[in-house]
Amino acid sequence: MRYARLLKCFIMMLGMALHSIAVLAQCHIVSHVVDIKTGETLPFASVYVDSEKNTITNEEGDFSLDVDSTDVIRFSYVGYQTLYVAADKVGETVQLARDGKVLDEVVVLGTELIIKKIRGEIKKTLREYDWKKTNFFYRQLGRANGQATSFIEAFFTSHSAVQTKDFSLGAGRFVQVASSQTLTPQNFFTFMQVTLYSKYHTKERNVPLCPNYKDYYTTECRRINDGEHPVYVVSFIPKDTTVWSVKAKVYADAETFKPLKYEGVGVNDWVENKIHDEKHVVPCDYKFVVHYQHDEDFIEVQSLHFDVRFSDNGKKYDVAGTMFNTGKRYIKGKGKLDFFDDLTMKIRDKGFDRKFWDDNEVVKRTPMENEALELFEGDNNFGVF
């Protein structure tokens, strides 16, 4: 009996020791991703351990992530060599290198054929995975004349193959300064619907990878090597700047022809702004960048960032939004958001859980976002709808 008690005590002590080791093995990493040669920050770089532990760098190249000390973190950025670092070896700065060498093989293959192959890979993805939905984290900051006027954080469910669509709201929080006199919180989430591909001939929405793209765009292509594999960079230059289009670049793997990145600026774009219940249609400067992932062997949106700037009634407005694919994590959305839905009203209907938001940063905030958050939380605005 005595030995049984001793054995039981030993097992309990061993379990406690193992638990302590496990706790000690967990670590919170905060770091900064930069170009090894120039020191330039790399925004929206992928920081990945597995489907449950991953994030992206923010607009200033910073990230934070909770991992185990035994994990190996993969750092990747289009055009740069992928870097693998043991979690306990990650320092204050992570440096990525690239080989900026331009190759000549693109001349042999031809731009038109490359675009055809990229479209073929997209059609294959949509044929097999257009049904797939996943969860996305979203953050938006609105400013007027440099001062924060609105802040939104939310989780959406959306189709994720090639381009996001059909958004459902899972949870969110927001605040808006009453005097901001702008629609910024309501409908800017629609800028997340960045369209790269269409299977139809288009006239009004001239996206780069539509069948009749040659009617609207002049195209150029070059081939670069990021140190691991070659990448095609296809440029789309609008022929007519008086109609809506995008001046854009599509980065695609030169072996698989799957898109890796899509970035550009809107041409002849506009927004609706509201001042004293009057709607003003004003031109805007709109830029975006979309990164793709192929972890499940199809073309899936990993992250998206947009920045919209416009002037109205003597004020300069800037609204920036970042979206990140969180996979199966967090809250699934229900219902469908329409283009003209008031996002703040939808969030209000869902209610507000302060603890949930305190525990889920997901993508590290920039100092500007933190400043806005502290300002609004200091006034207890998030809890008042």
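Some points to look at:
- J(HN,Hα) series, segment 190-201, from Karplus relation 6.51 cos²θ - 1.76 cosθ + 1.60, nearest Hz, glycine and proline x: 5, 6, 6, 8, 7, 9, 9, 10, 9, 8, 10, 5
- Mean separation of Cα contacts under 8 Å (6+ apart) over length of segment 158-288, as relative contact order %: 16
- Sum of side-chain charges, residue 287 neighbourhood, beta-carbon under 14 Å (Lys, Arg +1; Asp, Glu -1): -2
- Normalised size of segment 210-265, defined as Cα radius of gyration per 2.2 N^0.38 Å with N residues, equals 1.22.
- Based on protein heavy atoms only, segment 167-326 ends up with 42 Å² per residue of surface accessible to a 1.4 Å probe.
- The sum of -39500 (n - 2.57) across all DSSP H runs of n ≥ 4, divided by the residue count of the chain, sets its helix-only mean residue ellipticity at 222 nm to -6000 deg cm²/dmol.
- Relative contact order, whole percent, for the chain stands at 17, derived from Cα pairs under 8 Å and 6 or more residues apart.
- Selected from 238, 367, 43 as most flexible by GNM, with the chain as the system and alpha-carbon contacts under 10 Å: 367
- Descending semi-axes in whole angstrom, ellipsoid equivalent of the chain, from the Cα gyration tensor: 37, 30, 19
- Across 339, 236, 257, mean-square fluctuation computed from a Gaussian network of the chain (C-alpha pairs under 10 Å connected) peaks at 339.
- Of the residues 296, 377, the one with the largest accessible area comes first in the ranking 296, 377, computed with a 1.4 Å probe on protein heavy atoms.
- Net charge of the neighbourhood of residue 53, taken over other residues with C-beta under 12 Å away and scored Lys/Arg +1, Asp/Glu -1, is -3.
- The residues neighbouring residue 69, those whose beta-carbon lies less than 13 Å from its own, together hold a net charge of -2 under the Lys/Arg +1, Asp/Glu -1 convention.
- Carbon + sulfur, % of accessible area of the chain - ligands and nucleic acids excluded, 1.4 Å: 51
- Each peptide in 167-173, 281-287, 327-333 receives the mean, over its residues, of other Cβ atoms within 10 Å, and ordering these scores from highest gives 167-173, 327-333, 281-287.
- Report note on the peptides 347-356, 118-127: ranked by the mean count of other C-beta atoms within 10 Å, highest first, their order is 118-127, 347-356.
- Comparing 303, 311, 150 in a Gaussian network model of the chain, where Cα atoms under 10 Å apart are tied by springs, the biggest mean-square fluctuation is seen for 311.
- Accessible area, probe 1.4 Å, largest first, for residues 244, 131, 270, 357: 131, 270, 244, 357
The values are calculated or read from the model by the stated rules, or taken from the named source; none is laboratory data. Treat the numbers as computed from the prediction; the structure is a model and nothing was measured. Methodologically, a virtual Cβ is constructed for each residue, glycine included, from the backbone with ideal geometry; neighbour enumeration extends over all protein chains shown. Only protein heavy atoms, including side chains, enter the accessible area calculation; ligands, DNA and RNA are left aside. Shrake-Rupley method; radii C 1.70, N 1.55, O 1.52, S 1.80 Å.
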